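A short worksheet on the structure shown next.
The values are calculated or read from the model by the stated rules, or taken from the named source; none is laboratory data. Bear in mind the structure is a predicted one, so any value in this text is a computation, not a measurement. Cβ sites come from the backbone with ideal geometry, for glycine too, and all protein chains shown count toward neighbours.
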Amino acid sequence: MNYQIQSIGEYEEAYKFSIENPEAFWAEIAYNFKWEKKWDNVLDWNFKEPNIKWFEGGTLNITENCLDRHLEILGNKTALIWEPNNPDDEIRTFTYNQLHKEVCRFANVLKNNGAKKGDRICIYMPMVPELAIAVLACARIGAIHSVVFGGFSAQSISDRIQDAQCSMVITADGAFRGAKEIALKPIMDEALVNCPSVNKVIVLERTKAKINMLKGRDVWWQDELAKANSDCPAEIMDAEDMLFILYTSGSTGKPKGVVHTCGGYMVYVGYTFANVFQYQPNEIFFCTADIGWVTGHSYIIYGPLLNGATSLMFEGVPNFPDAGRLWDIVAKHQVNILYTAPTAIRSLMQSGLDFVKGKNLNSLTKLGSVGEPINEEAWHWYSENIGKNNCPIADTWWQTETGGILISPIAGVTPTKPSYAMLPLPGIQPILVNEKGDEILGNNVSGNLCIKFPWPGMLRTTYGDHERCRLNYFATYENLYFTGDGCLRDADGHYRITGRVDDVLNVSGHRIGTAEVENAIDKHPDVIETAVVGYPHDIKGQGIYAFVICQKFPDDEAKTRTEILEIVTKEIGAFAKPDKIQFVNGLPKTRSGKIMRRILRKIAEGELENLGDITTLLDPGVVEDIKGGRL
Ligand code: WTA
């Protein structure tokens, strides 16, 4: 890969060039891809409307870049390895030749069922290879995929389908996730009651659960496949045609449909995958995310395939059949690069080292982390027990809206530091601003993280509502993309994301990141995980309420509390000491592992009745537990 940066000197040089001459920088990277027709204009932009166009005049199809272009040399290389939920079931693998054929065949199924360029297609599936095939088949024919995570409720699916006016749905009878079997089709049936735009539903058989098929609307994946051939030329797309919509939550209730386009997204995820993970030919890359989230889109499917890599896709969950599952998968498939989330690391850490012992993790060369700030304790545990102090950790900061990684170490090339995302990738211009939007210069400072220049992978709009996109991301600060994250830049110029600024507390006039307090409390040797929220406090404005999980529920709560307060005083200052520390057995998490602070805030505020929708939680039961122990 010509765009792989391999030394710190090259990084510095590339970074400098990318700032001085961004168009030439990105054009050089874009030349590494297959364009049907090269662009006329690298970039046209303003952040006011916003109007962002990359590689205008260029045409391409991303699946030709993910598949066709590799066939000649890598046709027999494994593109996809699939590890089933049940470790005793058979694994499935697809070479680039095979994956190409399957994608083309299913693309013809889509066409045979009336799908065409520009149509929106909702995909609601388990983590099986057919999910990746469905995504790529949409891209093949120029249909816009909108993947909805398999854990969402009927109402959420319905909202998303209506917002995008999808004409087709691809789903499965059900899904296996750990010990659970989830009835996907009945949930979809319920969702579709209010979705008149959908006229075709393609159903994959996975669990063999008994389901209803609506005559005229529902067809079986297998039956349709039998009728389709595997010759499907790729639809030629303009660089700025939509590739996909992905819904994500903001501070308001209604999810936003983040829109990514064909050319820029391709260039950006290809570039970031190759660089951040320093992918080497024949390495096996395992991203544990679900394809229902952006991480799965960019780093299970598109990023690896654009680079001719081998991507491992896992159907199940890290603690099934036991907390050693991820390590078993690494050993079984000789995984080289593991990309996972802090929440998974912390939960496996809690299960103890017995699950790691005896597992052969020698194949690992690089580790990655994504999705939330990784606390120092988890970082060290990951580095020592999984990486055996031999694998660089790329703590990758990015968002659904950014398409790919923006700030991260380049594994083994640029420095790392626990809990720091470190440095922007070449092409990315982060700045910190104060409340008024003035740039904060120098080091040893913190502020709101903004990006001041476009990059090819950034969102273009929010589907059906451009004004919402402008207001959410481009109106807070003039001429800047606002990330919603707080951030500090240390004495060496390294970036550390401190968490959403929506979660920043103001205690007696002191601004305190919830993540900062959590990090400090996590330093207590008995503490596994902490969630901190603010609540109204008569004297201080806001008080700090900490929900804390310990390795084992403390015998002497008062003693552990005192120790925690001492640590917080030491790490941040006495002003950051929590007013209340409640020991809990679990935290309310979404199925993607994010802590639902909204619920904790309400409990902390004493608003126990109106907690809002808790149906999307991994385990709604923990809420009652926490309410019961409220201080
Ligand atoms: C947070 C996930 C700290 C951040 C790719 C961001 C992180 C939000 C990190 C986006 C990281 C993501 N360190 N915080 N390495 N990665 N975040 O859209 O608050 O699901 O704004 O995208 O996750 O979440 P999203």
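Structural remarks
- Residue count for the stretch 461-491, restricted to those that are assigned to a loop (DSSP other than H, G, I, E, B) and in contact with a helix residue (DSSP H, G or I) (Cβ under 8 Å, 6 or more places away or on another chain): 3.
- Flag if Ala576 is touching a His at 6+ places or on another chain (Cβ under 8 Å) and aliphatic (A, V, I, L, M): yes
- Sub-9 Å Cβ pairs linking a first residue in the stretch 394-408 that is outside the structural domain of Gly486 (by TED's automatic domain parsing) to a second residue that is among the charged types (D, E, K, R) and assigned to a loop (DSSP other than H, G, I, E, B), at least 6 apart or interchain, are Asp395/Lys417, ordered by first then second residue.
- Taking the stretch 235-275 as the range and being among the charged types (D, E, K, R) and modelled with pLDDT of 95 or more as the test, the residues that pass are Glu235, Asp238, Glu240, Asp241.
- Scope the stretch 555-566; condition surrounded by fewer than 18 Cβ atoms within 10 Å (Cβ to Cβ) and either touching a residue at least 24 places away in the same chain (Cβ under 8 Å) or outside the structural domain of Gln542 (by TED's automatic domain parsing) (or both); matching residues: Glu557, Glu563
- Test: Gly292 is within 14 Å of the ligand (Cβ to nearest atom) and closer than 19 Å to His100 by Cβ: no
- Applying a threshold of 9 Å to beta carbon distances and a minimum spacing of six or more residues, or different chains, the list of pairs starting in the stretch 26-50 at a residue that is closer than 25 Å to Ala274 by Cβ and ending at one that is assigned to a loop (DSSP other than H, G, I, E, B) and β-branched (Val, Ile, Thr) reads Glu36/Ile236; Lys37/Ile236.
- Some residue of the stretch 15-33 being within 23 Å of Gly296 (Cα to Cα), part of a helix (DSSP H, G or I) and touching a strand residue (DSSP E or B) at 6+ places or on another chain (Cβ under 9 Å): yes
- Filter result for Gly371 (within 16 Å of the ligand (Cβ to nearest atom), crowded, with 24+ Cβ neighbours inside 10 Å and outside the structural domain of Ala491 (by TED's automatic domain parsing)): no
- Qualifying residue in the stretch 63-80 (condition: at pLDDT 95 or above and more than 30 Å from Ala228 (Cβ to Cβ)): no
- For Arg160, the conditions (1) part of a loop (DSSP other than H, G, I, E, B); (2) buried (at least 21 other Cβ atoms within 10 Å of the Cβ); (3) not hydrophobic (A, V, I, L, M, F, W, C) all hold with the exception of (1).
- Total residues in the stretch 327-341, condition out of contact with any Phe, Trp or Tyr (no Cβ under 8 Å at 6 or more places or on another chain) and crowded, with 22+ Cβ neighbours inside 10 Å: 2
- The residue that is farthest from Trp327 (Cα to Cα), counting only those in the stretch 369-388 that are in a helix (DSSP H, G or I), of a type in the set (D, E, K, R) and in contact (Cβ under 8 Å) with a residue 12 or more places away in the chain, is Glu376.
- Here Val147 meets each of (1) surrounded by fewer than 22 Cβ atoms within 10 Å (Cβ to Cβ); (2) in contact (Cβ under 8 Å) with a residue 40 or more places away in the chain with one exception, condition (1).
- Within the stretch 150-166, the residues that satisfy the criterion of being in contact (Cβ under 8 Å) with a residue 40 or more places away in the chain and of a type in the set (Gly, Ala, Ser) are Gly150, Gly151, Ser153, Ser156, Ala164.
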